[in-house]
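Student: For reference, the structure I am asking about is given below.
The values are calculated or read from the model by the stated rules, or taken from the named source; none is laboratory data. Just so we're clear, the structure is a prediction, and the values are computed from it rather than from any experiment. Positions of Cβ are generated from backbone atoms using ideal geometry, with glycine treated the same way; all protein chains shown enter the neighbour counts.
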Amino acid sequence: MNVRNFSIIAHVDHGKSTLADRILERLGAMGERDKRDQTLDTLELERERGITIKSTPIRLQYKRPNGEEYTLNLIDTPGHVDFNYEVSRSLAACEGVLLLVDASQGVEAQTIVNAYLAIDNNLEIVPVVNKIDLPAADPEGAAKELEDVIGIPADGAIFASGKTGIGVDEILEAIVERIPAPLGNPDGPLKALIFDSFYDAYQGVILFVRVLEGTLHAKDQITLFSNGRTFDVDKVGTFSPGLVVGSELTVGSVGWIAAGIKDIHDAQVGDTVTSKDNATTEPFPGFKPAQPVVFSGLYPTNTEDYRRLREALERLKLNDAAFVFEPETSEALGFGFRCGFLGLLHAEIIQERLEREYDLDLIATAPAVVYRLTLTNGEVFETQNPAEFPTKDRIDVMEEPYIKLSVMLPEEYVGPVMQLLQDRRGVMKTMNYLGKRVELLYEVPFAEILYDFHDRLKSISRGYASMDYEQIGYREGDLVKVDIYVNQEMVDALAVIVHESKAYSLGRKIVDKMAEVIPRQMFAVPVQAAIGGKIIARATVKAYRKDVLAKCYGGDISRKKKLLEKQKKGKARMKNIGTVEVPQEAFLAVLSTE
Ligand code: GDP
Ligand code: MG
């Protein structure tokens, strides 16, 4: 079969999007008119942040120098640990990958993790040492690292530059020669893997699939393996880029299905699509329904925006099976929603979209992980919401989620990084020396890396360390709830759950940060942290002395105006706690770096 299905994987910034664009350009898939940088990253946010959230496949036609014609399906993958499951499903839709390594950086944490995802999916790996045009490039060194660290023979590496186009012809030939053709029986029972989906207002959910066995025709009936639901297919087709309508999808093809599916939860990534009349008995293995692991409260700053916020959340949820929300009421913040995300980046993306696309001003509470509590009455209770954390006497066993964390770094930073990991309650599993670099594998409570870990890691390693992680389940831990009081009033939305050993330092950090960000009032405002009513830290917002404009007397009027405007803007993100105005920053005090 003259088809090759492949993906490009790399550590962030190693040049995946640039190389993909160069390949598209070489194969004439980017018309001069709509030629833009990084065609694959479509959402505006994706472009700005340089990450890919949705996997966008592109079908390309390649004519080899020897005249043979091939169809190449390039499946892009999300480039962030929050979306690792999506990455693994996109890879499962391929027979091979281009594994990029920046010639000036060498192997990084995500290079290793992505390479293992490819190996787990039995994919052919074509190593590409990229950015060889850089003055600091060491292509041989990077290829050698791939061999030493992952066991990929260095002599198979292609040296390339997505920027100048060096090596792109060689890469195209390697895709055809080294990556196997898809196998499977076109007449067998239909088995297709969903690797992505999106919601279209007219056609319903569009499934992105890879056909592994059998053939699907437009007008067939399909059944979803996980829930047995059946749908009538309206249209099928391929990508080129954009959706192109076709008449069938047969074994080996990568394409899309429109079947009037209204609920994105019927289109979960990793599920198997089969045909109602010729159903497969074996689904594609490893299906996991999307499961949010980080939760936070979202409240409109203006209470009148509550309905608009709910509508916006519903719209976003249509397109995102991994995002959940339910109404929540806070004494301090009023009516809002408790929202669940795949990780902090996912949370940030949704908040940013709400603010940008829906023009909402929001207060977000500190993100929290999901704790598992076995109560004294035997009931197992999972919660991520400090507001519903039971009192200690009702809890028998407390457990918190753990991750396996992999960190790559130059050896001179090993000492400080190990110290940091120990501060975060990490337990070392292995330490591998790879020439002058070290890979550390730790088991760490997820909550400990949620906030500022990545920033700290980068700063103590001068930007040289990289990290990646996966969830590994629950471990016991002594947890407590820290309550925060502003002006003697307990503020429910500020409470946090934390490991006992961290409670005092965290309480201190929160009250100090709050005292810093709460604007001065006419009176001194105490801010306190407490566990079970016992105060563990205290700070004071000093009383307000001078008029904010006082220092402008005699100054020019435009400066005065600016100052007033600045004040007004600041007000948009405030909530009144009693008579005290508390800004958004205060609700995220727990996130501030020490
Ligand atoms: P991605 O995160 O892997 O998709 O990386 P990008 O393609 O967005 O590239 C990250 C940065 O590296 C951008 O600033 C690119 O301009 C730059 N870059 C990508 N490829 C090359 C290359 O081959 N040579 C040089 N010098 N810079 C490159
Ligand atoms: Mg990119």
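Student: For residues that are among the polar types (S, T, N, Q) and buried (at least 18 other Cβ atoms within 10 Å of the Cβ), scanning just the range 1-14, find the one that is nearest to ligand 1 (Cβ to nearest atom). Steps first, please.
Tutor: So the first thing to find is which residues in the range 1-14 are among the polar types (S, T, N, Q), and the list is 2, 5, 7.
Narrowing the set further to residues that are buried (at least 18 other Cβ atoms within 10 Å of the Cβ) leaves 5, 7.
Details: 5: 20, 7: 12 Å.
Here the answer is 7.
Student: Tell me whether the range 384-391 contains one or more residues that are in a strand (DSSP E or B) and among the β-branched types (Val, Ile, Thr). First the steps, then the outcome.
Tutor: Going residue by residue through the range 384-391, those that are in a strand (DSSP E or B) are none.
No, the conditions are met nowhere in the range 384-391.
Student: Yes or no: residue 128 within 16 Å of ligand 2 (Cβ to nearest atom) and either at positive phi or in a strand (DSSP E or B) (or both)? Spell out the reasoning first.
Tutor: Values: within 16 Å of ligand 2 (Cβ to nearest atom): yes; either at positive phi or in a strand (DSSP E or B) (or both): yes.
In short, yes.
Per-residue answers, yes or no, for (1) among the aliphatic types (A, V, I, L, M); (2) within 16 Å of ligand 2 (Cβ to nearest atom); (3) in contact with a Pro (Cβ under 6 Å, 6 or more places away or on another chain):
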{"residue": "134", "(1), (2), (3)": "yes, no, no"}
{"residue": "149", "(1), (2), (3)": "yes, no, no"}
{"residue": "154", "(1), (2), (3)": "yes, no, no"}
{"residue": "159", "(1), (2), (3)": "no, no, yes"}
{"residue": "166", "(1), (2), (3)": "yes, no, no"}
{"residue": "176", "(1), (2), (3)": "yes, no, no"}
{"residue": "189", "(1), (2), (3)": "no, no, no"}
{"residue": "192", "(1), (2), (3)": "yes, no, no"}
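Student: From the residues in the range 183-199 that are out of contact with any Asp or Glu (no Cβ under 6 Å at 6 or more places or on another chain) and closer than 20 Å to residue 75 by Cα, which one is surrounded by the most Cβ atoms within 10 Å (Cβ to Cβ)?
Tutor: 192
Student: Then there is this: For residue 120, which of the numbered conditions (1) crowded, with 20+ Cβ neighbours inside 10 Å; (2) modelled with pLDDT under 95; (3) charged (D, E, K, R) fails to hold?
Tutor: For residue 120, the failing item is (1).
Student: All but one of (1) under 17 Å from the mean Cα position of the chain (by Cα); (2) of a type in the set (Gly, Ala, Ser); (3) part of a strand (DSSP E or B) hold for residue 336, so report the exception by its number.
Tutor: The one condition residue 336 does not meet is (1).
Student: Name the single residue, out of those in the range 49-88 being at pLDDT below 80 and among the small types (Gly, Ala, Ser), that is farthest from ligand 2 (Cβ to nearest atom).
Tutor: So the residue we want is 55.
Student: Is at least one residue of the range 106-118 more than 30 Å from residue 321 (Cα to Cα) and away from ligand 2 (no atom under 16 Å from the Cβ)?
Tutor: Looking through the range 106-118, at least one residue is more than 30 Å from residue 321 (Cα to Cα) and away from ligand 2 (no atom under 16 Å from the Cβ).
Student: Still on this structure, I have one more. Against the definition (among the charged types (D, E, K, R) and surrounded by fewer than 20 Cβ atoms within 10 Å (Cβ to Cβ)), how does residue 393 come out, yes or no?
Tutor: On the way: among the charged types (D, E, K, R): yes; surrounded by fewer than 20 Cβ atoms within 10 Å (Cβ to Cβ): yes.
Yes, satisfied.
Student: Sticking with this one: Assigned to a helix (DSSP H, G or I), without any contact (Cβ under 8 Å) to a residue 40 or more places away in the chain, more than 19 Å from residue 255 (Cα to Cα) and not hydrophobic (A, V, I, L, M, F, W, C): does that describe residue 170? Don't jump to the end; show me each part of the working.
Tutor: Working: assigned to a helix (DSSP H, G or I): yes; without any contact (Cβ under 8 Å) to a residue 40 or more places away in the chain: yes; more than 19 Å from residue 255 (Cα to Cα): yes; not hydrophobic (A, V, I, L, M, F, W, C): yes.
Answer is yes for this residue.
Student: Give the range 84-113 a look and list any residue that's of a type outside the set (D, E, K, R), within 15 Å of ligand 1 (Cβ to nearest atom) and surrounded by fewer than 24 Cβ atoms within 10 Å (Cβ to Cβ), or say none.
Tutor: First, the residues of the range 84-113 that are of a type outside the set (D, E, K, R): 84-85, 87-88, 90-94, 96-101, 103-107, 109-113.
In the following step, the residues that additionally are within 15 Å of ligand 1 (Cβ to nearest atom) were identified as 87, 90, 97-101, 103-107, 109-111, 113.
Listed by number, the residues that qualify are 104, 105, 109, 113.
Student: So, in the range 204-239, exactly how many residues are in a strand (DSSP E or B), acidic (Asp, Glu) and surrounded by fewer than 18 Cβ atoms within 10 Å (Cβ to Cβ)? Walk me through it before giving the result.
Tutor: Step one: list which residues in the range 204-239 are in a strand (DSSP E or B), which gives 204-213, 215-217, 221-224, 230-232, 235-239.
Next, only the ones that are acidic (Asp, Glu) stay: 213, 232.
Of the ones still in play, those that are also surrounded by fewer than 18 Cβ atoms within 10 Å (Cβ to Cβ) are 232.
Total meeting the criteria: 1.
Student: A further question on this structure: Taking interchain pairs and intrachain pairs at least six residues apart, which have beta carbon atoms under 7 angstrom, with the first residue in the range 330-357 and closer than 21 Å to residue 307 by Cβ and modelled with pLDDT under 90 and the second crowded, with 20+ Cβ neighbours inside 10 Å and among the hydroxyl-bearing types (Ser, Thr, Tyr)?
Tutor: 330/299; 333/299; 334/299
Student: Another question, if that's okay. Just checking, how many residues over the range 149-171 are small (Gly, Ala, Ser), within 17 Å of residue 138 (Cβ to Cβ) and more than 10 Å from ligand 1 (Cβ to nearest atom)?
Tutor: Start the filter on the range 149-171 by keeping residues that are small (Gly, Ala, Ser), which leaves 151, 154, 156-157, 160-162, 165, 167.
Okay, now just the ones that are also within 17 Å of residue 138 (Cβ to Cβ), so 154, 157, 160-161, 167.
Next, only the ones that are more than 10 Å from ligand 1 (Cβ to nearest atom) stay: 154, 157.
Residues meeting the conditions: 2.
Student: Quick check: is even one residue across the range 297-306 within 30 Å of residue 355 (Cβ to Cβ), in a loop (DSSP other than H, G, I, E, B) and modelled with pLDDT under 95?
Tutor: Yes: one or more hits.
Student: Out of everything in the range 285-329 that is buried (at least 18 other Cβ atoms within 10 Å of the Cβ) and of a type in the set (Phe, Trp, Tyr), what residue ends up being farthest from the chain's Cα centre (by Cα)?
Tutor: The extreme case among them is 299.
Rundown of residues vs (1) of a type outside the set (S, T, N, Q); (2) within 30 Å of residue 286 (Cα to Cα); (3) touching a strand residue (DSSP E or B) at 6+ places or on another chain (Cβ under 7 Å), yes/no style:
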residue	(1), (2), (3)
91	yes, yes, yes
95	yes, yes, yes
104	no, no, no
108	yes, yes, yes
114	no, yes, yes
121	no, yes, no
124	yes, yes, yes
140	yes, no, no
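Student: Among the residues of the range 15-26 satisfying the criterion of being crowded, with 20+ Cβ neighbours inside 10 Å and over 18 Å from the mean Cα position of the chain (by Cα), which is farthest from ligand 1 (Cβ to nearest atom)? Walk me through how you get there before you give the answer.
Tutor: Within the range 15-26, the first condition is being crowded, with 20+ Cβ neighbours inside 10 Å, and the residues that meet it are 15-17, 19-23.
Okay, now just the ones that are also over 18 Å from the mean Cα position of the chain (by Cα), so 15, 19-23.
Numbers: 15: 3, 19: 6, 20: 8, 21: 8, 22: 8, 23: 12 Å.
Top of the filtered list is 23.
Student: Residue 82 versus (1) over 21 Å from residue 28 (Cα atoms); (2) touching a strand residue (DSSP E or B) at 6+ places or on another chain (Cβ under 6 Å): which is the lone unmet condition?
Tutor: (2)
Student: So in the range 399-416, with the set limited to residues that are crowded, with 22+ Cβ neighbours inside 10 Å and hydrophobic (A, V, I, L, M, F, W, C), which one is farthest from residue 369 (Cα to Cα)?
Tutor: Looking at residues that are crowded, with 22+ Cβ neighbours inside 10 Å and hydrophobic (A, V, I, L, M, F, W, C), I get 409.
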